[in-house]
Structure formats: C-alpha cells, structure tokens
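Single-structure report; data block below.
Every number in this text was worked out from the coordinates using simple rules, so none of it is lab data. Quantities reported herein were computed from a predicted structural model and do not represent experimental measurements. Cβ sites come from the backbone with ideal geometry, for glycine too, and all protein chains shown count toward neighbours.
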Number of protein chains: 2
Amino acid sequence: MKRIMLTVAYDGTNYRGWQIQPNGETIEGILNRCLSELLGEKIEVIGASRTDSGVHALGNVAVFDTESPIPAEKISYALNRSLPEDIKIQKSEAVAADFHPRRCASRKTYEYRIYCAPFPLPTKRLYAHYTYVPLDAALMRQAAACLIGEHDFKSFCSVDTQAETTVRRVDSIEIRVSGGVTEDSADRISQEIVIRVSGGGFLYNMVRIIAGTLMEVGRGHIPPEEMRRILEARDRQAAGPTAPACGLTLVGIRFEGR
Amino acid sequence: MKRIMLTVAYDGTNYRGWQIQPNGETIEGILNRCLSELLGEKIEVIGASRTDSGVHALGNVAVFDTESPIPAEKISYALNRSLPEDIKIQKSEAVAADFHPRRCASRKTYEYRIYCAPFPLPTKRLYAHYTYVPLDAALMRQAAACLIGEHDFKSFCSVDTQAETTVRRVDSIEIRVSGGVTEDSADRISQEIVIRVSGGGFLYNMVRIIAGTLMEVGRGHIPPEEMRRILEARDRQAAGPTAPACGLTLVGIRFEGR
C-alpha cells in the first residue's frame, strides 16, 4: 500500500465543484471513477481544497492509497488518458502514508481575475469576471493592506460555514493590472485586474467575498479606510457581495515540510 | 441609408467559422439573424476576414447597410443584448457608404498561441495549441525573419485556394515567450509561445501553416536556414503542417485612411 499525491488542474465551468454531490458531475467524482477503473481498486481521493462549482484550478491536490505496481510518477500519464479535457493531472508522486492534505499546514494561492471594458470579451468570459465599471487598483491595494496577517475573517465568510474558528492567516494580497488602450481592437479601453491572495487556508467563499468587497472599493462605493471596520465587524453583512465563481482560480498549494 | 461598421469579438470554439455554411452555426449567420431581428430589415453583413472553424477573434470587422434610426454607436449595446455569450460587438460606428472591408487596404494582426508543458492545462485548452515538445523560440525567430516583406507565399497556402495571386506582404512576425518553471503548480516546466503576425492580408490557412512550420523549426525538425528554401519552393508540400485552429486569434484589423 502506498499513498499517492496528485496535482490536479481543471476548468470548473462544467462541474458542480470538487466535492461529490447527489446531482451533477464533480471533480472528485470523476477522479474516483477514472482512478478506480485504471487501478482496478475502489479509490476515494482526499482533496486539499474543496473548490466551489465553477471555480478553476491550476494546482489543487488530492491523495489516495493504492496497491498498484504502477510507479507513482507514471500514474499522471495513465490517468490523463481517461480523464476529460477539462481535468488534467499535472504531477503524481509518492508521499508519506500519513500525509493528509487538509490536516497538514499549507500555503494556498488563489487568483481572482476581473475584466473591465465597455463590452465583454468572449475569449475571457470563462476565466474572468466581467464588469463595465472601471476599477481603481490603487484604492483596492490600500483597502487590501489591512487584511494581511492573522485576523478573524468572520465578515468574509459565508454564513453557512461549519468552520470551528473563523481566524485565518493571509500572507499577501497582490493586485496586478494589465491592459489599457488596446491599439488593435477598435481602441477599446480595457483592463484586467488580478487579485492574488496567499494564505494559510481560507474560509468558505472567503476569497470571493474579499474580491467582491475590493471591487466595491475599486468602483468608489466603499472608501478604502472602511476595510478595517468591515474586518472588525465580524459580520458577513458588513462586507461586499460574493464575487462570481468563474473569476476564481486556485493557483497552487505548498505544504510545509514538503 | 447608412453603412455601419462593427468590430466583432468571438470565441470560435462552437462555430463553423465566419462564413455561412449549409450545416452548422456561423458567426456571419448569427450576426445576420440578430441584426435583422433588431432592426426589422433583412441584414446581410460583409465580413473583413472569413475566419475558419474554431478560430477566435478580438476584432474582426463587418459592415452592413441599414435604414434604422438607431444611432450607429448605440447598435453595439442593443445587438449585444441578443447575441450569445461567445459573440460580442466591441464597437459600432458609421462609415462611408462605399467602404468595403475586403476591398480596402488593411493591416491585419493575428496571434498563434502555443502551450508547451509535460501535460495540457485545461484552462488553456480552448485558446492555445498544446504540445509536450519544448520549442526553441530563438530558432523560430531566426526562421521567421526571411518571411518579412512581400513574397509569393504559395508554400504557405492551402492547395484549395481561389486567390488570384499568392503574393502577400508580411510586415512583422514577433515571437514572445512567457512562463518557465512555475513555482506554484508542482514545479511544472511550462512555456507559452505567442507568434504575432501582422501583414496586408493573408492566404487561406497562411498563418496556421507559418505557425506549423515554425513549430517544426522550434522542435529541431527543420533547420532555420531551410525557411528561405521552403518559401522559394512555392509548393505547399515544402512547408510544415497546418497548426490547429484553436491556437489562432484574429487580434485586429486597421484600414488605411481610417
């Protein structure tokens, strides 16, 4: 028996999230089915991050145990042959038999992508949230600063959480802007804003609520200095809306001591 | 009667190209249908670039004539309400009554996008051609240089062309590389190569055959100094394969004197 760790990339558009649901296809469900067929054993993966319906990943992580003689690093190749185009393993490797991706301290990085322009761009629609409202990235950076560190993020957590504590550690929030006037395409004034958040784990919908609140700051509806009060309120009602799932991508997870 | 010019963006994944076909949905067909419904007249657009099935656009151009009192620049807003998510107008404006987007001298810019990594990435699959073979961009740049200028591009044209002449002018070919080792996602060594080609019009499949030939150079199958001989052969058989449609995007079109 050995424990295998998979790094899993997916386009979440056509799935009801990571975790197995009574109705609809999930990433976890498809991995279990394809792995069980490949290895001839009943396989149930343990996922590091149970991403929501519509959220994408470049590097989510799952582990499972197998008796298979297939070398750990070859499982990626064999499994990718049966996985659909929108789920692909990026790496497979052996890990310690007691390694558990949700119990091990880790640092996760998410990106929330926003496309601002007078009209939506079809080739961006699946991986960025569209808004026609211009956003001021400088205001967003100012507001984001007070979220860095260990805080009670109850204001940034969906009310139906089952988490024991709402204290989390945010290591960094970077806000990058690209675009401007694009010469080629009819002088469209467009900008793409990427909010990149790293931390030691996140509450349910936390990154999307941070993104939704920063967008309210960026459009001038919430002054940046209000962010501290929102954080201290420990009340979901104080923060902005939950930004749509399609803009969110789990970039990667680093496990401590690995 | 006035002539309106539309700048049209689309995700070509689900269409049989620009031009109306007996079977399957096309960009032109959908524009004609939505415009005719919106304006209450029978509208038939004239497209600048009849892109192939699966090819994308940020700024293709179409013109049509209408009696409608809707101001030219408002047509984009009204039309986008009835267009599907994967076709969106970026701009609408009035043009001279005799402006014809295929008879007017223009400069078109295309990008061909290639994603090279050990495994495909689901969120890139629709807009980049995937290969696991690493490509040497320096060799590709060296080979591309001899294509700049006015040449007979018969070697880079699908044999079933109806073009009167196969002489075309290529103004520039830039090859940009991004990526490398990505720290977040399991140390995947990945690179994205964008071949950006501008010129005064292109033969059928010309950019995709240039991209396919440059990929053969980049992987070491064709020495870069062979490119001149391929061009001079005036024979489709001398060049490399036609690269897949999904990697190609029509970035924009500039019309002379506009």
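Miscellaneous remarks
- Whole-Hz ³J(HN,Hα) from phi, Karplus 6.51 cos²θ - 1.76 cosθ + 1.60, for the range B:218-230, glycine and proline x: x, 8, x, 7, 10, x, x, 6, 6, 4, 4, 5, 4
- Surface/4 of the Cα convex hull for the range B:1-124, nm²: 8.8
- In plain terms, the chain from B:N23 to B:D65 could stretch by 12.5 nm, reckoned as 0.36 nm per residue minus the Cα-Cα distance.
- B:A78/A:R176 FRET efficiency (R0 30 Å; Cβ-Cβ; nearest 0.05): 0.30
- Length released on extending from A:V133 to A:Q162, taking residue separation times 0.36 nm less the Cα-Cα span: 7.0 nm
- 4 °C / 1.567 mPa s Stokes-Einstein diffusion coefficient of the range A:55-112, Kirkwood radius on C-alpha pairs, µm²/s: 97
- Nearest-to-axis residue of chain B, judged by beta-carbon position, where the axis maps B onto A, in Å: B:L126, 4
- Label-point spacing for B:E44 across the identical copies (point 7 Å from Cα in the Cβ direction), in nm and ascending order: 6.3.
- Ascending list, in nanometres, of distances separating the A:D98 label from those of the other copies (7 Å, Cα toward Cβ): 8.6
- Close amide H partners of B:V251, meaning residues 5 or more places away or on another chain with modelled amide H under 5 Å apart, are B:L58, B:T109, B:Y110, B:E111.
- Diagonalising the gyration tensor over the Cα atoms of chain A and scaling each eigenvalue by 5 before taking the square root yields semi-axes of 35, 22, 15 Å, largest first.
- Sorted from nearest, the other copies put their B:K74 label points 6.8 nm away, the label point being 7 Å from Cα in the direction of Cβ.
- Separation of alpha-carbon centers, the range B:1-31 and the range A:223-248, rounded to whole Å: 41
- All alpha carbon pair distances within the protein assembly as shown were sorted into 20 Å bins beginning at 0; the resulting P(r) in whole percents reads 21, 48, 29, 3.
- Most mobile listed residue (B:I43, B:I210, B:I27) in chain B, GNM with C-alpha springs under 10 Å: B:I43
- Pairwise centroid distance, computed over Cα atoms, of the range A:114-133 with the range B:51-111, Å: 18
- Rounded if a/c under 1.5, otherwise prolate or oblate - the range B:106-255, Cα gyration tensor axes: prolate
- Highest-MSF residue in chain A out of A:T51, A:T213, A:T242 [GNM, Cα springs under 10 Å]: A:T242
- Cβ crowding within 10 Å ranks A:R196, B:R113 as A:R196, B:R113, fewest other Cβ atoms first.
- When chain A is treated as a Gaussian network with alpha carbon springs shorter than 10 Å, the biggest mean-square fluctuation among A:P122, A:P71, A:P244 belongs to A:P122.
- Built amide H within the under 5 Å cut-off of B:S106, gap 5+: B:E256
- Estimated from helical segments only, the mean residue ellipticity of chain A at 222 nm is -5500 deg cm²/dmol, where each DSSP H run of four or more residues counts as -39500 (n - 2.57).
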